[in-house]
Structure formats: structure tokens, C-alpha cells
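Step one of this worksheet: look at the structure below.
The values are calculated or read from the model by the stated rules, or taken from the named source; none is laboratory data. As the structure is a prediction and not an experimental result, all values here were calculated from the model. When we count neighbours, we look across all protein chains shown, and the Cβ atoms used for this are built from the backbone with ideal geometry, even at glycine. All accessible areas refer to the heavy atoms of the entire protein, side chains included, with ligands and DNA or RNA removed. Shrake-Rupley method; radii C 1.70, N 1.55, O 1.52, S 1.80 Å.
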Amino acid sequence: MAKRIFISFAVEDASSRDLLVGQARNRATPFEFVDMSVKEPWSSSWKTQCRTKIKGCDGAIALLSKKTWNADGAKWEIRCAVEEGIPIIGVHIHSDDKGAIPSELQGKKVIDWTWDGIANFINSLK
């Protein structure tokens, strides 16, 4: 069965999410990505649905940029994954223009975006 990976990102970084999903497709990887993108303010029902999706995943990837620090939805998703005990990794989407790492990722591994680094995290999941 394919591993399910939740992707957390600031809405302004949706193109980076698309790039990650595209890279995975091009490599015929044995996992699928899940996210809860919203273009409107998120509600308690969104949080309930999102938590359910996160709990159903084997791991989570937080795409990090300068926008993440102010992205309440992305930070909530990260905090939720940590609370639910879902393995998570932070991935800087710009190695030459990094934003601050949100406190929600404190103590978690954060890497620059490389396919090998992402694949190593996914392959380490049980």
C-alpha cells in the first residue's frame, strides 16, 4: 500500500506544492500526497476535516518559505501533525532565501529541498 504524505504550505507557495507532486509523479514513487488547501478563512469544520486527513497519513512535509511564518493555516497543520505524532520534516523551498523556521517545528528535522532528502524521509516512514 502506498504511503500517504500530508503537505503543509503557505497558500502563496502552492506552486512549490505542485512542483513536489510533479516530481513524485515523474519518479513513479510509491506514495501519495494529501493537503487541505483553502482559499477562504478556515473554520472549525476545516480543522476537524484537516486533522482527520493528517491522522490518516504516514508522514508530513512542511514546505518552508518566508511566507510560512505568517501562514496561520500551515502553522496549525504543522502543530496538528506534531500533536498527532505524525513524523514531520521541514523543507526549505528556497535554499538561497530561507524564511524563519516556525516554532511549531522546534526539534524537528529541517532540510533544503533535494529529492534525495525528501525521499530519505519518506522511505524512513513505517
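A few comments on the model shown:
- The stretch 102-126, subset in contact with a helix residue (DSSP H, G or I) (Cβ under 8 Å, 6 or more places away or on another chain) and of a type in the set (A, V, I, L, M), residue farthest from SER16 (Cα to Cα): LEU105
- Whenever a residue of the stretch 1-12 is surrounded by 24 or more Cβ atoms within 10 Å (Cβ to Cβ), it has no partner that is in a loop (DSSP other than H, G, I, E, B) and of a type in the set (S, T, N, Q) lying with C-beta atoms less than 6 angstrom away and at least six residues away or across chains.
- Test: residue in the stretch 63-75 that is among the polar types (S, T, N, Q), without any contact (Cβ under 8 Å) to a residue 12 or more places away in the chain and out of contact with any strand residue (DSSP E or B) (no Cβ under 8 Å at 6 or more places or on another chain): no
- The residues of the stretch 53-73 that are in a loop (DSSP other than H, G, I, E, B) and among the charged types (D, E, K, R), listed by number, are ASP58, LYS66, LYS67.
- Checking each residue of the stretch 14-26 against the condition of being touching a strand residue (DSSP E or B) at 6+ places or on another chain (Cβ under 9 Å), assigned to a loop (DSSP other than H, G, I, E, B) and either open to solvent by less than 60 Å² (accessible area, probe 1.4 Å) or at pLDDT 95 or above (or both) gives no match.
- Close pairs (6 angstrom Cβ cut-off, 6 or more residues apart or separate chains): at pLDDT 95 or above in the stretch 104-126, surrounded by fewer than 12 Cβ atoms within 10 Å (Cβ to Cβ) anywhere: ASP112/SER95
- Screening the stretch 74-126 for residues that are in contact with a His (Cβ under 7 Å, 6 or more places away or on another chain) and in a loop (DSSP other than H, G, I, E, B) and picking the one that is surrounded by the most Cβ atoms within 10 Å (Cβ to Cβ) gives TRP113.
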